[in-house]
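Single-structure report; data block below.
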Amino acid sequence: MVSAGSGASARPLRLLVADDHPAILEAIAQFVASEDDIELVGLASDGEDALRLIAESRPDVAILDIRMPRLGGVEILKRLAQVESAPAVILFTGNPERALLLESLAAGARGFLAKQAPLANLVRAVRAVADGWSYVDPISGSVRVGPGASDPVTVLNEREREILHLLADGMGNEEIGSALFIPPQAVETHIKHAIEKL
């Protein structure tokens, strides 16, 4: 999922994490501390603090809990759409349902993570979105995106539905490109078009 240039930057990736559960914040902080290419620049326990810390610390990637006091992750993401140099956002949830995945993608999220997933997946997602790719945790593989669905996905063309289906199954842009015999850049373009339509 991560391109060949990942982790080779001159400075570590700057990461901010926002979640209203202290144990989750502590577990992420401890895990990320062992990663040489990721620097944790902020921890927030509610949405307002997350917005403030994003403005102050200017992270490359922000992991935001979808449901937090004061502001949830989707609302923060919508506000960040108006901000220049906003971080790539990964939305984080204990309830990885289809509707939340679609809402997250429609709001402009670069990644979608389930809290039940191993912390190694979180690090993988951070590196992927920092490289400009999209990431959907494999634990969300039960989220099905397919033809004939009675929801907004029906506005997507066949290729866009196919790519979102593979993305929901945990495949990265490069893996999807290989599977469909198209370049990763084309995969990224299809994902952007799908997000705009949704």
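The values are calculated or read from the model by the stated rules, or taken from the named source; none is laboratory data. Please read all numbers here as calculations on a predicted model, not as lab measurements. For neighbour counting, all protein chains shown are included, and Cβ atoms are generated from backbone atoms with ideal geometry for every residue, glycine included.
Pairs meeting the criteria (first residue in segment 171-197 and assigned by TED's automatic domain parsing to the domain that holds residue 77, second residue buried (at least 20 other Cβ atoms within 10 Å of the Cβ), beta carbons under 8 Å, at least 6 apart or on different chains) are lacking. Scanning segment 22-61 for residues that are of a type outside the set (Gly, Ala, Ser) and free of Cβ contacts under 8 Å to residues at least 12 places away in the same chain gives 26, 30, 52.
For residue 102, state whether it is within 15 Å of the chain's Cα centre (by Cα), farther than 24 Å from residue 120 by Cβ and touching a residue at least 12 places away in the same chain (Cβ under 8 Å). The answer is yes for residue 102. If only residues of segment 91-118 that are among the aliphatic types (A, V, I, L, M) and part of a strand (DSSP E or B) are counted, the one that is nearest to residue 62 (Cα to Cα) is 91. Counting only residues that are touching a helix residue (DSSP H, G or I) at 6+ places or on another chain (Cβ under 6 Å) and among the basic types (Lys, Arg), segment 163-193 holds 0 of them. For the subset of segment 73-86 comprising residues that are out of contact with any helix residue (DSSP H, G or I) (no Cβ under 6 Å at 6 or more places or on another chain), of a type outside the set (D, E, K, R) and surrounded by fewer than 24 Cβ atoms within 10 Å (Cβ to Cβ), which member is farthest from residue 27 (Cα to Cα)? My answer is 82.
Of all the residues in segment 76-125, those that are charged (D, E, K, R) and touching a Pro at 6+ places or on another chain (Cβ under 7 Å) number 0. Scan segment 6-21 and give yes if some residue there is surrounded by fewer than 20 Cβ atoms within 10 Å (Cβ to Cβ), under 27 Å from residue 178 (Cα atoms) and of a type in the set (A, V, I, L, M, F, W, C), otherwise no. Within segment 6-21, one or more residues are surrounded by fewer than 20 Cβ atoms within 10 Å (Cβ to Cβ), under 27 Å from residue 178 (Cα atoms) and of a type in the set (A, V, I, L, M, F, W, C).
Going by what's in this entry, would residue 79 be described as touching a strand residue (DSSP E or B) at 6+ places or on another chain (Cβ under 7 Å) and either of a type in the set (S, T, N, Q) or in the same structural domain as residue 133 (by TED's automatic domain parsing) (or both)? No.
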